[in-house]
Amino acid sequence: MWILITVTMVLFIGISFSEEFKLGNHTFKKAPFPETLLAKEEEPAKDVVIEIEDTIPIPVETLVEPDTAVHSVLVFGDSMTHHLAMSISKYGTKNNYTVTGVTWESSSIPGWENSGKIRSYMEMSKPDFVIISLGSNEMELKHFERRIPDVEKIVSEMDDIPFVWVGPPLWKEDKGVYSMLEKGVPKGKLFKIETLDIERGPDKVHPTRRGADVWADTLMRWIRKSSHPILTEVPDSGTSTKGHKFIYLHPDE
């Protein structure tokens, strides 16, 4: 019996290691037994550590103290500027700086650049901080890119004086004025108020005194957190605009 079993096992193993062979009309294929028997034990999988470069900068909040050396602020621009400058002057009264507001009715960006008025009023007021309010009369432009060099020239006239450019308080769809300003004004210097809901006058365009107060409050809160903040303690409701200067120019002046 044991001899028969042994012979059978020898035959089985021999057939398993052999290639295909025929027996009569039947073909026997090679069995996978030798591969299974002789297979090497697979090494256990190792943990793969993939190092990913951290290319996303982590924002770090830097608290910038207000510039207490600001004693003179110049606000100039188109017809949107008058009430805005008066509202900002209340902040001047509260925070001990003088505001000079220069409003040039129907003025445009190249008009200011080509007239020499910017340099003239800067020499007159000697500002420590400038607020530019231009763009409302560019709303109907068809080729906004043509104004970008003029925007850049106005920016260059600021020299080393800190400034912000206040975009127009939109009263209808913007077709490119803010895109134009973003290309000409350095990053962080443009105050955008595209969605600000403010009270406007009978023409549905120019802010009323109350609307300008809301506009100024929004602007000053933004300046407070900007890269060059000035003192922006909120004035009381009855704060006076006296002691400040407001100049109003007609289109032909």
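Since every read-out is calculated from the coordinates, none of them should be taken as a lab result. Predicted model only: the values in this text are computed from it and were never measured. With ideal geometry, Cβ positions are generated from the backbone for all residues, glycine too; neighbour counts draw on all protein chains shown.
Using the Cβ atoms and a cut-off under 12 Å, what net charge is assigned to the surroundings of G92, where Lys and Arg are +1 and Asp and Glu are -1?
Details: positive: K90, K94, K242, K245; negative: D128, E233.
Result for the neighbourhood of G92: +2.
Restricting to Cα pairs below 8 Å that are 6+ residues apart, what does the relative contact order work out to for the stretch 186-234? Please round to a whole percent.
Values: 30 pairs, mean separation 13.5, N = 49.
Relative contact order for the stretch 186-234 comes out at 28 percent.
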Tell me which residues come under 5 Å, amide H to amide H, from I247 once H is placed; ignore anything under 5 positions away on its chain. G101, V102, T103
How many angstrom lie between the Cα centre of the stretch 210-224 and the Cα centre of the stretch 124-141? 16 Å
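For a test of the definition: using alpha carbon positions, the gyration tensor, and the 1.5 limit on a/c, classify the stretch 107-253 as rounded, prolate or oblate. Could you put the intermediate results ahead of the total?
Details: a/c = 1.34, a/b = 1.13, b/c = 1.19.
Because its axes are fairly even, with a/c under 1.5, the stretch 107-253 counts as rounded.
Quick one: net charge around K183, please, counting Lys, Arg +1 and Asp, Glu -1 for every other residue with C-beta under 10 Å from its C-beta.
Working: positive: R147; negative: E145, E152, E182.
Net of charged neighbours comes to -2.
Taking the Cβ-Cβ separation of E65 and S240 as r and a Förster radius of 41 Å, what is the calculated FRET efficiency to the nearest 0.05? Kindly include the intermediate steps, with their values, before the conclusion.
Working: r = 27 Å, r/R0 = 0.67.
Using R0 = 41 Å, I get an efficiency of 0.90.
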Can you pull the one-decimal nm distance between simple spin-label points at E145 and I198, each 7 Å off the Cα toward Cβ? 3.1 nm
When the Karplus curve 6.51 cos²θ - 1.76 cosθ + 1.60 is applied with θ = phi - 60°, which whole-Hz ³J(HN,Hα) does each residue of the stretch 126-139 get, with x for Gly and Pro? 6, x, 9, 7, 10, 10, 9, 10, 9, x, 5, 7, 9, 4
